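> My structure is below; once you've seen it, I'll send some questions.
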Amino acid sequence: MRVILLADVAKLGKKGEIKDVADGYGRNFLIARGLAVLESEGSKKVLAKQNEEAKKLDEQNRQEALKLKEELETKTLIFPVKSKEGRVSGSVSTKQIEEALKKQGIVIDKRKIKDSEPLNTLGTFDIKVELYKDVIGNIKVRLVEE
């Protein structure tokens, strides 16, 4: 029996793939739980349409990420920190970077920030942020003495 997967199924395949499965497994497990549909000409057309829409959405999200990357390249986040003899007391974490960006109207999840170690020395740092699958932006973060 050939089925089209409607969701990712462990040890079988990803959403949208066409797979050969045993008749009982397909009918009693996959189709019964809504994880797959029987392969037919109509279902192939629907799958092709969904794949086309997914590609369009993917490209749209990629373009938005590229625009955001350009905007981030021009930003410099300045954090005044207390320091004594060149040593910073405390540090600047990804959460603080996320909050500073949010104040400027840019929403980025702190888990997308690649350089995840806290910044604890004075100076300017280039921080990499994964905006989309293969779109990585840079933010300049400067720690200055209070």
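> Between 0 and 90 degrees, rounded to the nearest ten: what's the tilt of helix 41-73 against the longest Cα principal axis of the chain?
Tilt relative to the chain: about 10 degrees.
> Pick out which of 36, 48, 22 has the largest mean-square fluctuation in a Gaussian network model of the chain, springs linking Cα atoms closer than 10 Å.
22
> If each residue's Cβ is checked for other Cβ atoms within 10 Å, how do 46, 92 rank with the fewest at the top?
In order of increasing Cβ crowding within 10 Å: 46, 92.
> In a Gaussian network model over the chain where Cα atoms closer than 10 Å are linked, find which of 125, 79, 29 has the largest mean-square fluctuation.
29
> How many angstrom lie between the Cα centre of segment 31-50 and the Cα centre of segment 60-95?
If you average the Cα positions of each part, the centres end up 45 Å apart.
> By how many degrees, 0 to 90 and rounded to 10, does the Cα axis of helix 94-103 deviate from the longest principal axis of the chain?
90
> Give me, ordered by chain and number, the residues 5 or more places off residue 77 or on other chains with an amide H under 5 Å from its own placed amide H.
140, 141, 142
> While we're looking at this one, here's another question. List the lysines whose alpha-carbon lies under 28 Å from that of residue 44, not counting same-chain residues fewer than 8 positions away?
Hits, sequence-local ones excluded: 11, 14, 15, 19, 55, 56, 133.
> Please list, by residue number, every one of the trypsin sites (Lys or Arg not before Pro) in segment 58-104 that is coil in DSSP and has at most 15 other beta-carbon atoms within 10 Å.
Within segment 58-104, the qualifying trypsin sites (Lys or Arg not before Pro) (loop, at most 15 other Cβ atoms within 10 Å) are 75, 82.
> Shifting gears a bit: Within 14 Å, Cβ to Cβ, of residue 89, how many net charges do the neighbouring residues add up to if Lys/Arg are +1 and Asp/Glu are -1?
Here the charged neighbours net out to 0.
> Would you please name the GluC sites (Glu not before Pro) within segment 70-100 that are DSSP coil residues with at most 16 other C-beta atoms within 10 Å of their C-beta?
Passing both the DSSP loop test and the Cβ count: 85.
> Just how many % of Cα pairs in segment 65-145 lie over 16 Å apart, if you round to the nearest whole percent?
48
> Could you please rank 132, 25, placing first whichever residue has the fewest other Cβ atoms within 10 Å of its Cβ?
Arranged by neighbour count, lowest to highest, 132, 25 become 25, 132.
> With charges set only on the Cβ (+1 for Lys and Arg, -1 for Asp and Glu), what does the dipole of segment 35-127 come to about its Cα centre, in debye to the nearest 20?
320
Quick note: the coordinates plus some simple rules give every number you see, no bench work behind them. What you see is a predicted model; the values in this text were computed from it and never measured. Ideal geometry is used to build each Cβ from the backbone, glycine not excepted, and the neighbour counts take in all protein chains shown.
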